[in-house]
């Protein structure tokens, strides 16, 4: 997957909502005892096709979440959504996680598990069938879901990339 297809977005003048996907307490054992820090993965989106994720690490939970939100705002992308669902079936992979997204009829809802649900709701998908296979590590599931969303293309994008009309995309 080339970086040419990724549509990066600036976070200025976009109203973003954040969702905490996972928070973990990390322990480092030293000569002086145990040092505790927190790691938070956060997803932000405007529920209209823009989404991003970020990782924050700090000694306090609130600081970790704030850092995660700031990181997520730096990694925003534009995603193709058609009538509240994804345009086509798509697999996404990151490390040991494999996710599958499939378009669903209006009224189906978001059929997806924890980390995937946060990403799909933040991007504004209202109807989708999703399956997570392999590793259930929230960090990898979020990144695999983002990979699948980045690969999504709507009909107008396909027509533009091929240099043909919209009718030829559907009629062959």
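The values are calculated or read from the model by the stated rules, or taken from the named source; none is laboratory data. Since the model is a prediction, treat every value here as computed from it, not as a measurement. Ideal geometry is used to build each Cβ from the backbone, glycine not excepted, and the neighbour counts take in all protein chains shown.
Annotations
- Any strands (runs of 3 or more DSSP E) falling wholly within the stretch 22-122 and containing at least 2 residues that are assigned by TED's automatic domain parsing to the domain that holds residue 144: 90-94, 97-103
- One residue stands out among those in the stretch 7-32 that are more than 20 Å from residue 139 (Cα to Cα) and surrounded by 11 or more Cβ atoms within 10 Å (Cβ to Cβ): the one that is modelled with the lowest pLDDT, which is 11.
- Among residues that are buried (at least 18 other Cβ atoms within 10 Å of the Cβ) and touching a residue at least 60 places away in the same chain (Cβ under 8 Å), residue 79 is included.
Every residue, every condition in (1) buried (at least 22 other Cβ atoms within 10 Å of the Cβ); (2) more than 27 Å from residue 40 (Cα to Cα), yes or no:
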{"site": "105", "(1), (2)": "no, yes"}
{"site": "129", "(1), (2)": "no, no"}
{"site": "132", "(1), (2)": "no, no"}
{"site": "144", "(1), (2)": "yes, no"}
{"site": "153", "(1), (2)": "no, yes"}
{"site": "163", "(1), (2)": "no, yes"}
{"site": "168", "(1), (2)": "no, yes"}
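- Across the stretch 135-147, the number of residues qualifying as closer than 30 Å to residue 170 by Cβ and in contact (Cβ under 8 Å) with a residue 60 or more places away in the chain comes to 2.
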